[in-house]
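Enquirer: Please find one structure pasted underneath; my questions will follow.
The values are calculated or read from the model by the stated rules, or taken from the named source; none is laboratory data. Owing to the predicted nature of the structure, the values given are computational and were not obtained by experimental measurement. Don't worry about glycine lacking a Cβ; one is built from the backbone with ideal geometry, like all the others, and counts go over all protein chains shown.
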Amino acid sequence: MPTRITTSITARTLLVSALLGVLLSATFVLLVSAVNEQRDAGRLALRSQQAITAGAQLEKSVNSLETGLRGYVASGADLALEPYNASRRIYPSQLRRLRSLVKGDQMEEAQVNRISEAIDDYISLWAVPLLGIALDRPQAARAIIVNSNGRARVAQIRDAFDALYARERAVARERERRAEHRSHLGRVLGIGGAILALGLTALVALALRRFILRPVEDVTRATEAVAGGDLTVRVRSPRQDEIGRLGRAFNAMTEQLQGRTAELERSNRDLEDYAAVASHDLQGPLATIGMHAELLQRRLGTEKEQEAMLAERIVSSSRSMTALVRDLL
């Protein structure tokens, strides 16, 4: 039974089909995985660009804070403070947007935290106290704003933004490179899988031609030869699979036909010999019967009509039997 399982055409066909299916499935899975990874890398690269854009918008709000504060302190006009007030209203949402875009990268999250702390310090420790002084003592506020303390705070925030941008650009380049690599890998896997599948299909077709179709054609030609009267034809059947069993069954059937044909020929010859001997043996008695019947017929003449009629029938019957015996010879 184990030999039959390993040599069965059905088992081998199922095995090859399974291997081909596994190969195609693996190629498809790898291709889909590469495409998904390429898409994810592209999404992450876009996310880096969005983080840079969000950072630029937040930095613009910080610049507006400084511009509005300086304009108000310098002029005392409430309209000059509008950029400061507008930026102070919108920068928390911009900061949340930036946090959501860098989530998952610890270095970038830490950098955004430093930026947030620097902005809060600038507002609470510099802008708000300076506005309070500007309301009560405008000249003192103008004297304070010309020193470098406020500029240093803003410069520190800008440096933090520059570090964030540099990090994001590096991440974006790496993600773009990864996306391109995944795209190339996907193309290679797709082309390689297609070539491998075509090659395996060609090998399967050649194997079918050599191990199945050709032996079946041999059996077909041998069957046609047997139908034409040639009972000596045989097919090679060294294999242990279904084709081998078919060939051996065909050879056994042909041998049985050949044996039975020879037996019938011998029986016909025996019958012919027996008929010849029987015909030869019957000729003498039939000739004797016919001769005596004719002699009896002549002696009776017409005196005894019924006996003469019986003699005539005997003569006729003996002649018919003699003719049949001659036909058998």
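Enquirer: Quick one: what pairs do we get from the stretch 132-151, first residue among the hydroxyl-bearing types (Ser, Thr, Tyr) and assigned to a helix (DSSP H, G or I), second modelled with pLDDT under 85 and surrounded by fewer than 17 Cβ atoms within 10 Å (Cβ to Cβ), C-beta under 7 Å, 6+ apart or different chains?
Expert: From residues that are among the hydroxyl-bearing types (Ser, Thr, Tyr) and assigned to a helix (DSSP H, G or I), there are no pairs.
Enquirer: Still on this model: Return the only residue of LEU81, LEU65 being out of contact with any Gly (no Cβ under 6 Å at 6 or more places or on another chain) and aliphatic (A, V, I, L, M).
Expert: Numbers: LEU81 fails: out of contact with any Gly (no Cβ under 6 Å at 6 or more places or on another chain).
That would be LEU65, the only listed residue that is out of contact with any Gly (no Cβ under 6 Å at 6 or more places or on another chain) and aliphatic (A, V, I, L, M).
Enquirer: Hey, does the stretch 167-182 have a residue that's assigned to a helix (DSSP H, G or I) and closer than 23 Å to LEU20 by Cβ? Let's see the steps before the verdict.
Expert: Looking only at the stretch 167-182, we keep the residues that are assigned to a helix (DSSP H, G or I), and these are 167-182.
Still in the list and also closer than 23 Å to LEU20 by Cβ: none.
No, there is no match, as no residue in the stretch 167-182 is assigned to a helix (DSSP H, G or I) and closer than 23 Å to LEU20 by Cβ.
Enquirer: Quick test for you: out of LEU271, LEU329, LEU231, pick the one residue that is surrounded by 12 or more Cβ atoms within 10 Å (Cβ to Cβ) and either modelled with pLDDT under 75 or more than 60 Å from the chain's Cα centre (by Cα) (or both).
Expert: Values: LEU271 fails: surrounded by 12 or more Cβ atoms within 10 Å (Cβ to Cβ); LEU329 fails: surrounded by 12 or more Cβ atoms within 10 Å (Cβ to Cβ).
Criteria check complete, one pass: LEU231.
Enquirer: Residue check, ASN36 against (1) buried (at least 17 other Cβ atoms within 10 Å of the Cβ); (2) under 43 Å from the mean Cα position of the chain (by Cα), all met but one. Which one?
Expert: Condition (1) is where ASN36 drops out.
Enquirer: Cβ-Cβ below 7 Å, separation at least six or inter-chain, first residue in the stretch 189-213 and surrounded by 14 or more Cβ atoms within 10 Å (Cβ to Cβ), second part of a helix (DSSP H, G or I) and among the small types (Gly, Ala, Ser): which pairs?
Expert: LEU189/ALA34
Enquirer: Still on this structure, please answer the following. With at pLDDT below 90, under 30 Å from ALA141 (Cβ atoms) and not in a loop (DSSP other than H, G, I, E, B) as the only criterion, which of ALA74, ALA26, ALA11, ALA51 stands out? Give the derivation first.
Expert: Details: ALA26 fails: under 30 Å from ALA141 (Cβ atoms); ALA11 fails: under 30 Å from ALA141 (Cβ atoms); ALA51 fails: under 30 Å from ALA141 (Cβ atoms).
Being at pLDDT below 90, under 30 Å from ALA141 (Cβ atoms) and not in a loop (DSSP other than H, G, I, E, B) holds for just one of ALA74, ALA26, ALA11, ALA51, which is ALA74.
Enquirer: Continuing with this model, one more query. Could you check, for the stretch 171-181, whether at least one of its residues is more than 30 Å from SER25 (Cα to Cα), buried (at least 16 other Cβ atoms within 10 Å of the Cβ) and assigned by TED's automatic domain parsing to the domain that holds GLY42?
Expert: Here is the first cut: in the stretch 171-181, the residues more than 30 Å from SER25 (Cα to Cα) are 171-174.
In the following step, the residues that additionally are buried (at least 16 other Cβ atoms within 10 Å of the Cβ) were identified as 171-172.
Narrowing further to those that are assigned by TED's automatic domain parsing to the domain that holds GLY42: 171-172.
Checked against the condition, which is being more than 30 Å from SER25 (Cα to Cα), buried (at least 16 other Cβ atoms within 10 Å of the Cβ) and assigned by TED's automatic domain parsing to the domain that holds GLY42, the stretch 171-181 yields at least one hit.
Enquirer: Please specify each residue of the stretch 58-80 satisfying the condition of being buried (at least 17 other Cβ atoms within 10 Å of the Cβ) and touching a residue at least 24 places away in the same chain (Cβ under 8 Å).
Expert: At the first step, the residues of the stretch 58-80 found to be buried (at least 17 other Cβ atoms within 10 Å of the Cβ) are 58-59, 61-62, 64-66, 68-73, 80.
LEU58, GLU59, SER61, VAL62, LEU65, GLU66, LEU69, ARG70, TYR72, VAL73, listed by residue number.
Enquirer: Let me ask something additional. Just give me the residues in the stretch 234-252 being β-branched (Val, Ile, Thr) and within 32 Å of the chain's Cα centre (by Cα), in sequence order.
Expert: Within the stretch 234-252, the first condition is being β-branched (Val, Ile, Thr), and the residues that meet it are 235, 243.
Once the filter is applied, which keeps residues that are β-branched (Val, Ile, Thr) and within 32 Å of the chain's Cα centre (by Cα), the stretch 234-252 yields only ILE243.
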